[in-house]
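Colleague: I have a structure I would like to understand better, so I am pasting it below and will then ask my questions one at a time.
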Amino acid sequence: MGGVPDIPTGPLGASLRLRGLTKSYGSVVAVAGVDLDVEPGSTCALLGPSGCGKTTTLRLIAGLEQPDAGSVEIGEETVSTPARSLPPERRRIGMVFQDYALFPHLDVAANVAYGLGRRPDRSRAEGMLRTVGLEGLGERFPHELSGGQQQRVALARALATEPRAVLLDEPFSNLDAGLRERVREEVREILAARGMTTVFVTHDQEEALSVADVVAVVNEGRIEQVGTPEEVYSRPANRWVAGFLGEIEVLPGQAGDGVITCELGQVSNRGGLSGEVDVLLRPESLAVGTTEATDGRPSQPATVVSRSFYGHDQMLRLQLPSGQTVRARRLGFPAWHPGDRVRVWIEGPADAVAR
């Protein structure tokens, strides 16, 4: 991708704080009292389905929309309230749009230099292109670049003004699947090297979990859960979050003092629940074998109902003694087949929610 020039140590980005942020369009509430803190130099993903309010939240941060209630703070400065709002150009925020929004009649260096004033220093633009691995391409035009290169030009333009934060709206959705993973890793490295505070919007769970330091899961204008990728995936706040973030298996359980009992054994009762609950299990949290678990964990006999083989792994559908079926994701070998009699037990993280 090209070398990244020396960057001053420590984060260059500022903290970002949203408090009670609300925005409606007529009778439709797009953002409903959002609270969110993003630490300097960290990357936060706003993750949620289409129409959940995540892009509106991003536009409120950028100053492209005016809030009905609440506030936006960047560093120690309040930049937006219903009564007072700094215009976007005074917020020192870089924005990367979904379609990149490059000027087709300007070459790459001129695109990068666009926000630097009427007489921009072209050498500064070239230096920023070097930062994003596009050294020597300043005289090309956007249509002469690949999608991944255009993405990095848009990022270089956002960084050229030395912003306090960078906002990205579905930044990788226009890239094909083969390119998307490589480009998002490149972008993550560039932003991390500069210590830039970043908020990006995505509906792609894998993208959010692999790129962000913090994930805010958004649903119907509200943040359902904020946490590290590991926290929101392995300890979802509710059943909706669990289902949105990936495949989930649900078993009926009974919560007691410190433990929750279900057909596959016991899990910790971290939430202090009582009575009937739903136990949430990821398919990869279930182990499968022909004998009892070697560490003495309780297991249940099961029958393989079906299998989908993907090479590196396989997804098994298992029928338990109660008749309920669950899915288990295991490595590709040993291979299991429909009709095989196995034993299954809980091996990984599990959580529970009240019914």
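Colleague: In nm, to one decimal, how far is the residue 313 label point from the residue 135 one, both placed 7 Å along Cα→Cβ?
Modeller: Between residue 313 and residue 135, the simple spin-label model gives 3.9 nm.
Colleague: Additional query: In nm, to one decimal, how far is the residue 66 label point from the residue 254 one, both placed 7 Å along Cα→Cβ?
Modeller: 6.0
Colleague: While we're here: Using 0.36 nm per residue of separation minus the Cα-Cα distance, give me the extension gain between residue 98 and residue 213 in nm, one decimal.
Modeller: Result: 39.3 nm gained on full extension.
Colleague: Next question, about the same structure. Have a look at the DSSP beta bridges in the chain and tell me what percent are antiparallel, nearest 5.
Modeller: Details: 62 of 79 bridges.
Percentage antiparallel, nearest 5: 80.
Colleague: Right, here's the next one. I want the local charge near residue 158. Using Cβ-Cβ distances under 12 Å, sum +1 for each Lys or Arg and -1 for each Asp or Glu among the other residues.
Modeller: Spelling it out: positives minus negatives among the neighbours equals +3.
Colleague: Among 306, 260, 273, which residue has its Cα furthest toward the positive end of the charge dipole of the range 247-354, with +1 on Lys/Arg Cβ and -1 on Asp/Glu Cβ?
Modeller: After comparing all options, I get 306.
Colleague: Still on this structure, I have one more. If we count every other residue with Cβ under 13 angstrom of residue 209's Cβ, Lys/Arg +1 and Asp/Glu -1, where does the sum land?
Modeller: Every neighbour counted, the sum reads -4.
Colleague: Please give the length that would be gained between residue 337 and residue 230 if that part of the chain were fully extended, namely 0.36 nm times their separation in residues minus their C-alpha to C-alpha distance (nm, one decimal).
Modeller: So the chain would gain 35.4 nm between residue 337 and residue 230.
Colleague: Taking the Cα centre of the chain as the origin, how large is its charge dipole in debye, to the nearest 20, when only Lys and Arg (+1) and Asp and Glu (-1) carry charge on their Cβ atoms?
Modeller: Computed charge dipole of the chain: roughly 440 debye.
Colleague: What residue among 12, 348, 334 has its Cα farthest toward the positive end of the dipole of the chain, where the charges are +1 on Lys, Arg and -1 on Asp, Glu, each on the Cβ?
Modeller: 12
Colleague: What value does the chain have for Rg/Rh, both radii from Cα atoms and Rh as Kirkwood defines it? Numbers along the way, then the final one.
Modeller: Values: Rg = 24.1 Å, Rh = 22.7 Å.
So for the chain, dividing Rg by the Kirkwood Rh gives 1.06.
Colleague: Next up: Work out the FRET efficiency for residue 306 and residue 185 from their Cβ-Cβ distance, taking R0 = 30 Å, and round it to the nearest 0.05.
Modeller: Values: r = 34 Å, r/R0 = 1.15.
Computed FRET efficiency for residue 306 and residue 185 comes out at 0.30.
Colleague: Further, regarding this structure: Treating the beta-carbon of each Lys and Arg as +1 and of each Asp and Glu as -1, no other charges, what is the dipole magnitude of the range 247-354 about its Cα centre, to the nearest 20 debye?
Modeller: Dipole size: approximately 340 debye.
Colleague: Using helices alone, what [θ] at 222 nm do you get for the chain, with -39,500 (n - 2.57) per DSSP H run of 4 or more residues, divided over all residues and rounded to the nearest 500?
Modeller: Only helices count here, giving -6000 deg cm²/dmol.
Colleague: Which listed residue (150, 128, 212) has the Cα farthest towards the positive end of the charge dipole for the range 113-219, taking +1 on Lys and Arg C-beta and -1 on Asp and Glu C-beta about the Cα centre?
Modeller: Farthest towards the positive end: 128.
Colleague: Oh, and also: Could you state the number of Å between the C-alpha centres of the range 150-201 and the range 286-327?
Modeller: 41
Colleague: A further question follows. What spacing in nm lies between the two simple spin-label points modelled at residue 146 and residue 39, each 7 Å away from Cα in the Cβ direction?
Modeller: 3.5
Any read-out appearing in this document is the output of simple, stated calculations on the displayed coordinates, not a laboratory observation. Treat the numbers as computed from the prediction; the structure is a model and nothing was measured. All Cβ positions, glycine included, derive from the backbone under ideal geometry; neighbour counts span all protein chains shown.
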